[in-house]
Amino acid sequence: MKIALLYICTGKYTVFWDEFFTSSEQYFIPGAEKEYFVFTDATDLPHNNHPRVHVIEQEWLAWPYATLMRFHIFSRVETQLRAFDYIFFFNANAQFLRTITAEEFLPGPEHEGLTVVSSPGFHGQPVKNFPYEKKDKRSKAYMPPALRKIYVQGGVNGGTAAAFLALIQELKQNVQSDLDRGIIAAWHDESHLNRYIAERHPRVLPPGYIFPEERKDLPFEPVILIRDKNRLGGNAALRQHT
Ligand code: UDP
């Protein structure tokens with residue numbers, strides 16, 4: 001089984017790469033043939049000579065474009081990605097804490113080829129609290145009330161190559177259509193992802209697969225830890241270029 005892992009680390013986010021790669025090699029679906037597509041502006045990234053690490057030059061983009069433009073960024077390697085069975089994206093500050101098996105993570109036949117993760121911050125809350133794009137009906141991410149059911153986090157998702165490449169293409173077009181009309185959805189790529197899955201039936205993993213390090217109180221088994229960015233100065237500092 002061949003799995004492509006998509007990983008963006010521009011600017012200060014390169015600090016997370018070594019821990020992500022090392023923990024993935026140890027714990028993420030051991031036995032699978034994993035290749036890493038690393039989009040970065042760093043020239044001296046650790047493991048950059050590893051035969052399964054493909055470093056792709058990616059200029060630093062100011063917030064929120066660093067996250068919003070991810071579908072444009074992924075589509076740069078679309079041709080290479082077609083050779084894989086599965087494709088998954090992980091936020092830069094993800095760290096695998098224990099072995100993740102194919103059985104617990106990959107989508108089944110009923111999941112239309114997609115795996116997503118329920119958002120820790122909103123799991124169990126009333127639907128009215130979910131931060132979809134609810135205001136701007138012109139946005140391609142606008143979520144009609146009838147489709148408001150679950151809220152997934154944008155930081156871990158993927159699926160079969162066919163299903164995830166279809167998602168990448170459609171969401172790239174949707175983000176671009178919004179931008180062309182001067183629109184940015186409430187939570188960027190995450191709003192578009194939620195709109196996309198609202199009319200599909202992905203495998204929805206519990207929030208432990210995107211467990212925020214700073215929320216030790218959450219009642220889920222931490223499986224993929226999202227490292228606390230406050231230790232490194234917080235969001236505002238990390239998203240600055242220098
Ligand atoms: N990112 C990046 N450089 C930046 C900002 C963001 O590489 O300057 C990438 C990185 O992969 C990160 C993702 O965009 O994990 C999402 O950004 P962030 O973690 O800040 O957003 P959050 O998921 O916390 O909303």
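The values are calculated or read from the model by the stated rules, or taken from the named source; none is laboratory data. What you see is a predicted model, and the numbers here were worked out from it, not measured in a lab. Cβ sites come from the backbone with ideal geometry, for glycine too, and all protein chains shown count toward neighbours. Areas reflect the complete protein model, heavy atoms only, side chains present, ligands, DNA and RNA absent. Shrake-Rupley method; radii C 1.70, N 1.55, O 1.52, S 1.80 Å.
Only one of the numbered conditions (1) under 30 Å from Pro109 (Cα atoms); (2) under 19 Å from the mean Cα position of the chain (by Cα); (3) open to solvent by less than 60 Å² (accessible area, probe 1.4 Å) is violated by Arg227, and that is (1).
You will find that of Gly158, Gly154, Gly182, the residue that is more than 12 Å from the ligand (Cβ to nearest atom) and touching a residue at least 40 places away in the same chain (Cβ under 8 Å) is Gly158 and no other.
Would you mention how many residues in the range 153-189 are crowded, with 16+ Cβ neighbours inside 10 Å and either modelled with pLDDT under 95 or closer than 30 Å to Gln95 by Cβ (or both)? Looking only at that region, the number is 24. Here is the figure for the range 101-133: residues that are in contact with a His (Cβ under 9 Å, 6 or more places away or on another chain), open to solvent by 20 Å² or more (accessible area, probe 1.4 Å) and not in a loop (DSSP other than H, G, I, E, B) total 2. Residues that are more than 22 Å from Arg70 (Cα to Cα), more than 16 Å from the ligand (Cβ to nearest atom), free of Cβ contacts under 8 Å to residues at least 12 places away in the same chain and of a type outside the set (D, E, K, R): does the range 107-124 have at least one? Yes. Please work out which residue is most open to solvent (accessible area, probe 1.4 Å), limiting yourself to the range 1-43 and to residues that are in a loop (DSSP other than H, G, I, E, B) and within 16 Å of the ligand (Cβ to nearest atom). Looking at the filtered set, the residue picked out is Thr43.
Restricting the range 56-70 to residues that are within 12 Å of the ligand (Cβ to nearest atom) and more than 14 Å from Ile184 (Cβ to Cβ) leaves a set whose member that is surrounded by the fewest Cβ atoms within 10 Å (Cβ to Cβ) is Glu59.
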